[in-house]
Amino acid sequence: MIVDTQRPRILNHLATVGPLTSLDAMALHGVARLAARIEELRKEGHDIESEMVKVTDRHGRVCHVARYTLKKPGLLFDVPPVQDRRPKGKATR
């Protein structure tokens, strides 16, 4: 039995969809502490890089967030595909 926890969902997203920010992690996966999950994945040996990027929040303000990218996709977990749960309308990037 595969347990659907945050780390496998984040790793699956990074490997199959691509880069992930904390705003996207909250909207798509319900993950409030992405940096903590990324640190755990790094300790497991996954090569994840981060870079600071500018994004526009839902109020139209520009802010800086980390965008995480998986450098070398490794073994992935069997988790459901990513579903876009972001509200329709104004883009967050």
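Laboratory data are not the source of any read-out in this text; all were calculated from the coordinates shown. These numbers were taken from a predicted model, which means no experiment stands behind them. Here the Cβ is made from the backbone with ideal geometry for all residues, glycine too, and neighbour counts use every protein chain on show.
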- Query: Near the amide H of V31, under 5 Å away, which other amide H atoms are found, from residues 5 or more places off or on another chain, if H is placed in the peptide plane?
  - Reply: M26
- Item | Likely footprinting exposure, V62, V53, fewest C-beta neighbours within 10 Å first | V62, V53
- Label E44 and T16 with points 7 Å out from Cα along Cα→Cβ: what is the distance between them in nm? 1.5
- Using θ = phi - 60° and the Karplus curve 6.51 cos²θ - 1.76 cosθ + 1.60, what whole-Hz ³J(HN,Hα) does each residue of the stretch 15-21 get, with Gly and Pro shown as x? 7, 10, 9, x, x, 9, 10
- Item | the stretch 6-70 pair-distance distribution - Cα-Cα, 5 Å bins, rounded % | 4, 18, 31, 26, 13, 6, 2, 0
